Amino acid sequence: MRRLFALLLGISLLAGLGQPANAQAAQIDKAYTYNEDDKAVPSPNSYQFKTIINAQSLGIDSFSSAQDLFVDSQDQIYLLDSGKKRVIWIDENYELVHIIDSFTWKDEPLTLADGAQGIFYREATQSLYIADTNNNRIIVCDRTGAVSQVYTKPETALLDNGLPYAPTKLVVDELGLMYVLTLNVNTGALMIDSENQFLGFYGVNAIKETLELKIEHMWRSIMNTTQNSQSEVSFQPTELANLYWSDDFFIYAVSPVTDTVESPVVKLNPVGENVLDGTEFGDSPDEEYEDVPIFTDITADAGGVFTVLDLTSGKIYQYDEECTLMTVFGGLGYQKGLYQLPVAIESNSGGDILVLDAKKNTITVMEQTYYGEKIREALFLYNDGLYEEALECWFEILRMNANYSLAYVGIAEAYLSMGEYRLAMDYFYQGGDKDGYSEAKTAMWREVLRNSFAFVAAVVVVIMLLILCYDGIKKYSKLTVQTLKKKRKGVES
Amino acid sequence: MKRSGFQMMSPYVYPFYIMTHPKDGFQEMKMNKKSSLSVTILIICAYTLVDMLYRKMVDYDLNIYDAKEVSAVRVMVITVATFFVITAANWCWCTLLDGKGKYQEIFYVVACSMLPTLMMNVITIVLSYFFAAADLIFLQYLAIVAKAWTLLLMGVGLAEIHDYSAKKTLFSMFLTVVGIVIILFLAMLLMSLFQQLYLFVVTVVLELKYL
């Protein structure tokens, strides 16, 4: 017995040793995507290096820790060069238009403090909004530097936390309402109107309901106030890191991944509710890859495709409106297309992505490859329910990347709507979509049943008749046996 | 005894008779010392095989296991170990509680009572190709029925071979569960010990290699 037990243990030990280690998710200089088993697999690049904008290419003295970037609908680029206290206006051909380095307000010069963090250009009024963080104000100026408004801390009891008012990032909506993120405020963005009236908070980060939180909640309901005030565990919402105003009246917001944040990337409707389904963004952490993403910026385009920037890994993740990961690119490094300290990301109307690096002091322009374009095209068709039209795109994508599981699902959906259920099942299987597989299987059997209804009905009727006649047959056979026996007896006797 | 067709019945058919007549079946088995080791081993082998097929072959959308990751060795070890752990725990307690069953009989009872589960697994494999995820609840009902049947057979069988009352059988089954937990705990301890030993050996070998 003991020997047998030892043998069993030995076998199970051996079985345990044979397991392959989880594939490393992060590969800095190679594009990858996640397959149906959530494993990182190689993929072609969706974006490639196009050009670089730096002080040299513009013919000016070098940037110094530039903090923010804004691209308007005419592809004009506004770069907030915080260290040099200026704004650089670059046109669509990446050439210098103007340097705004002297601001005047009421005929008096006004300077930005070192480390201004946010810039926004409002096209309706042609004005630049600059979050002058260390001067505790927001200034509004035109593109020549003439300041029209200075917004200091709005009058409200809700902001009296004893800490200075330090606006970092801001967006302005169609009505001129400002959504301002400030340091040390974790209750969402401040909504401030053009009269500097504080209207309320917007889009506070939801807190994830973890087990720890539930246990703490239970304790707090038992303990008294004194004990509660001594509790070291606190569940504060995570501060938002950045906002993006999209033209469809939604505001995207990002925050670092923490234990308590429900979703690090949210798309907020005008009421401040998140409309995205997904809550998992960035690399799926495993035992080998433990770096937690710190999302610093987000940009989106008209199709609802949004791109987020992760400071920790220097990677850029692109998702479609259903939160399906489309591509990952970038990383930390010195090469072109890799970053040292990426702080801001923007996209232009041509689908290019501009990444501002505060340490390299460059703007890197990444352009979409053929593969990326195909994926975008296919996903747009797919999300609109045009499965059959997307079929050709998906096949094209599969020719370039057989690892892209969504392509299989797309093809399966197309076959399903075309009535090719067997093929649909195969492709759903390859794409790892169990619900789709089930749907196709049901449809297949339904069709089989419909086509052979006469046969099935006949079989059912025959079986029912047999059951009905069973007793009769039994009796009859018994009778026959008895008569046979009698006859035999008769013969014997 | 009324139903003594048992005397003529082949030992390979007998488990199926027990399935539908547990009380009589196990009683006769005990009286006539008909527990057959070869049948027990056969059932365990069949169970292992069906379990493997179940993990591998249940249609994709209804399969809770990942068919690509099924390891035959692992399934084998787990199944065989499960049988041994259950029977060992029961034997340990029942020898203390004046049970009359022998180890081989306990083994036979446990194996026989696994038959409904085994058959239901086969049925599920076949049915899974005709059913979709929406009908999963039906398959789950079948599985529950099979498991209840298995438990019932095990209870009746153990009561018969140990000559226990119903209450004592329930008590002994509860103790068996406790015993299983203890055995697993000890096994885990042993396992980590083996692992440390293994690491030690590896370290020594490495040290020697790069001396």
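The values are calculated or read from the model by the stated rules, or taken from the named source; none is laboratory data. It should be emphasised that the depicted structure is a prediction, and the values quoted were computed from it without experimental measurement. FYI the Cβ positions are ideal-geometry reconstructions off the backbone, even for glycines, and counts take in every protein chain you see.
Odds and ends about this structure:
- Condition check for B:D61: part of a helix (DSSP H, G or I), in contact with a Lys or Arg (Cβ under 6 Å, 6 or more places away or on another chain) and under 24 Å from B:V145 (Cα atoms): yes
- Number of the exception - B:D135 against (1) within 14 Å of chain A (Cβ to nearest Cβ); (2) at pLDDT 90 or above: (2)
- Residues that are surrounded by fewer than 21 Cβ atoms within 10 Å (Cβ to Cβ), within 14 Å of another protein chain (Cβ to nearest Cβ) and part of a helix (DSSP H, G or I) are absent from segment B:22-33.
- Some residue of segment A:152-169 being touching a strand residue (DSSP E or B) at 6+ places or on another chain (Cβ under 9 Å), part of a strand (DSSP E or B) and either not assigned by TED's automatic domain parsing to the domain that holds A:D277 or not charged (D, E, K, R) (or both): yes
- Residues in segment A:222-234 include none that are out of contact with any Gly (no Cβ under 7 Å at 6 or more places or on another chain) and closer than 30 Å to A:F329 by Cβ.
- Residue among B:C112, B:C94 that is in contact with a Pro (Cβ under 8 Å, 6 or more places away or on another chain) and more than 14 Å from chain A (Cβ to nearest Cβ): B:C112
- Of residues in segment A:434-493 being exposed (fewer than 10 other Cβ atoms within 10 Å of the Cβ) and among the small types (G, A, S), the one modelled with the highest pLDDT: A:A454
- Given (1) within 25 Å of A:A302 (Cα to Cα); (2) touching a helix residue (DSSP H, G or I) at 6+ places or on another chain (Cβ under 8 Å), number of the condition A:G115 does not satisfy: (1)
- Test: residue in segment A:280-297 that is closer than 19 Å to A:N383 by Cα and either part of a loop (DSSP other than H, G, I, E, B) or under 12 Å from the mean Cα position of the chain (by Cα) (or both): no
- Test: residue in segment B:37-52 that is within 14 Å of chain A (Cβ to nearest Cβ) and within 30 Å of A:G431 (Cβ to Cβ): yes
- All helices (runs of 4 or more DSSP H) inside segment A:378-493 with 1 or more residues being within 14 Å of chain B (Cβ to nearest Cβ) and among the hydroxyl-bearing types (S, T, Y): A:405-418, A:421-431, A:434-451
- Residues satisfying the stated conditions in segment A:289-315, i.e. hydrophobic (A, V, I, L, M, F, W, C) and either surrounded by fewer than 18 Cβ atoms within 10 Å (Cβ to Cβ) or farther than 9 Å from A:P256 by Cβ (or both): A:V292, A:I298, A:A300, A:A302, A:V305, A:F306, A:V308, A:L309
- Taking segment A:32-115 as the region of interest, the strands (runs of 3 or more DSSP E) fully inside it that hold 2 or more residues being in the same structural domain as A:E346 (by TED's automatic domain parsing) and either over 26 Å from the mean Cα position of the chain (by Cα) or among the basic types (K, R) (or both) are A:47-53, A:77-81, A:86-90, A:96-100, A:103-105, A:108-110.
- Output for segment A:170-185, where each listed residue is assigned to a loop (DSSP other than H, G, I, E, B) and within 21 Å of A:L112 (Cβ to Cβ): A:L183, A:N184
- Failed item, numbered, when A:K359 is tested on (1) surrounded by 15 or more Cβ atoms within 10 Å (Cβ to Cβ); (2) within 30 Å of A:G118 (Cβ to Cβ): (1)
Okay, residues lined up against (1) free of Cβ contacts under 8 Å to residues at least 60 places away in the same chain; (2) part of a loop (DSSP other than H, G, I, E, B); (3) buried (at least 17 other Cβ atoms within 10 Å of the Cβ); (4) in contact with a strand residue (DSSP E or B) (Cβ under 9 Å, 6 or more places away or on another chain):
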residue	(1), (2), (3), (4)
A:T187	yes, yes, yes, yes
A:G200	yes, no, no, yes
A:N205	no, yes, yes, yes
A:H217	yes, no, no, no
A:T258	yes, yes, no, no
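- Any hit, segment B:138-146, residues being touching a residue at least 60 places away in the same chain (Cβ under 8 Å), under 21 Å from B:A46 (Cβ atoms) and within 14 Å of another protein chain (Cβ to nearest Cβ): yes
- Out of B:V85, B:V110, B:V75, sole residue that is in contact with a Phe, Trp or Tyr (Cβ under 7 Å, 6 or more places away or on another chain), in contact (Cβ under 8 Å) with a residue 24 or more places away in the chain and either farther than 26 Å from A:Y437 by Cα or of a type in the set (A, V, I, L, M, F, W, C) (or both): B:V110
- Every residue from segment A:41-67 that is farther than 14 Å from A:F329 by Cα and of a type in the set (G, A, S): A:A55, A:S57, A:G59, A:S62, A:S64, A:S65, A:A66
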